[in-house]
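The values are calculated or read from the model by the stated rules, or taken from the named source; none is laboratory data. Model, not experiment: these values are computed from the prediction. Glycine gets a Cβ as well: all are built from the backbone with ideal geometry, and neighbour counts include every protein chain shown. For accessibility, only protein heavy atoms count, side chains too; no ligands or nucleic acids. Shrake-Rupley method; radii C 1.70, N 1.55, O 1.52, S 1.80 Å.
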Amino acid sequence: MIEHREQNAIFKRLPAPVVGLLAPYLSSVSLEQGQIIVDSGQHVRNVIFPHSGVLSCVVETIEGAGIQTATIGRDGVFGGLHALDHKKSINKVVVQVSCSASAIDCGLLKVLALRHTDLRDLLVQYEQFNLAQVQQTAACNAIHNIEQRTCKWLLRMHDLVGIDLPLTHDYLAQMIGVRRTSITTIAGGLQDHGLIKYSRGKLRLIDLEGIRESACECADIIKNSYTELLGEPGLRINGDQAWPTP
């Protein structure tokens, strides 16, 4: 189970004996882009610890439009709080970037979390961060312009995935909650200025400092919220530190 501790920050922060107790109940899963983990109003059956990729929490309107409120990657876990109190999901959770993950039945995790305070406390701390992320995203969507929000989102994706992102304009527009034409214009401008390179559903981050200068302050606020609650993730992507100091 050593590999899981290296690939997910929650495992990495747990004492080795607790990870050892979890190990027999964990199953390895592959999650594909666009796959729905749970729909709004459904009971969460499995807790997921991503090793890679990104899960998105999406709020949808009656008309079917959606906007991303939070992202979960190797720095976190989906379903931890649901396991503790049997809550239904208040939003849709979809795979934004394909990933591998460890999964465990909610009921089993609840039993283990009630026995081991280190595990229970860590799950609660991560949910506190997730709430802070949702609140910051709501403020960001109301105050900042599309370019700032797009660059903020790209920085978050870099922290979780790296410089290469398998994304289409349609998907990016849905995540930010704007029209595709708006994203096409913004992405074209970022590419013209040498900040990104985009081609056929593949986006590469070229100039991280330039992207950071164009982003709003929300990217750093979200990152600082994580560090204050959970400490540095200590994860690496392709040999590089995942969360470099701004």
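Figure the gain on full extension for S98 and D220 (residue separation times 0.36 nm, minus the Cα-Cα span) and round it to one decimal in nm.
Answer, rounded to one decimal: 41.4 nm.
What percentage of all Cα-Cα pairs in segment 143-216 are separated by more than 16 Å?
The answer is 40 percent, as a whole percent.
Figure the gain on full extension for T184 and D207 (residue separation times 0.36 nm, minus the Cα-Cα span) and round it to one decimal in nm.
6.4 nm
For segment 111-160, what is the Kirkwood estimate of the hydrodynamic radius, computed as the reciprocal of the mean inverse distance between distinct Cα atoms, to one decimal in Å?
The Cα-based Kirkwood calculation yields 12.9 Å.
Listed here are the pairs K88/K197; K92/K223; K110/K202; which of them are more than 31 Å apart at the Cα?
K88/K197; K110/K202
Need the full-extension length gain, S30 to Q42, defined as separation in residues times 0.36 nm minus the C-alpha distance. One decimal, nm.
2.2 nm
For the chain, report the accessible area per residue in Å² (1.4 Å probe, heavy atoms, rounded to an integer).
It amounts to 47 Å² per residue over the chain.
Taking all protein chains together and a probe of 1.4 Å, list D121, D220 from the most accessible to the least accessible.
Sorted by accessible area, descending: D121, D220.
Quick one: what Rg and Dmax do you get for the chain from the alpha carbons, in Å?
Cα only, the chain: 17.6, 55 Å (Rg, Dmax).
Which one, V19, A70, S52, projects farthest toward the positive side of the charge dipole computed for segment 1-112 from Cβ point charges (K/R +1, D/E -1)?
V19
Once the whole set of protein chains is in place, how much accessible area is left on M175, using a 1.4 Å probe, in Å² to the nearest 10?
Here the residue's solvent-accessible area equals roughly 10 Å².
Taking H placed 1.01 Å from N in the peptide plane, check which residues at least 5 places from L203 or on another chain put their amide H under 5 Å from its amide H.
For L203, whose amide H was placed from the backbone, the distant partners under 5 Å are L165, L167.
Which net charge results for the neighbourhood of I62, defined as the other residues with beta-carbon distances under 15 angstrom from its beta-carbon, given Lys and Arg at +1 and Asp and Glu at -1?
Result for the local shell: -2.
Can you give the FRET efficiency for K197 and T117, using 1/(1 + (r/R0)^6), R0 = 45 Å, r = Cβ-Cβ distance, to the nearest 0.05?
Plugging the Cβ-Cβ distance into 1/(1 + (r/R0)^6) gives 0.45.
What part of the accessible area of segment 1-133, given as a whole %, is carbon or sulfur when the probe is 1.4 angstrom?
Carbon and sulfur: 53 percent of the exposed surface of segment 1-133.
For the full complex of protein chains and a 1.4 angstrom probe, list E213, E60 by accessible area with the highest value first.
E213, E60
How big is segment 48-100 along each principal axis, measuring the range of its Cα positions in Å and listing the largest first?
Taking the Cα atoms of segment 48-100, the three principal extents are 33, 28, 13 Å.
How high is the relative contact order of the chain? Use alpha-carbon pairs under 8 Å, at least six apart in sequence, and give a whole percent.
Result for the chain is 21 percent.
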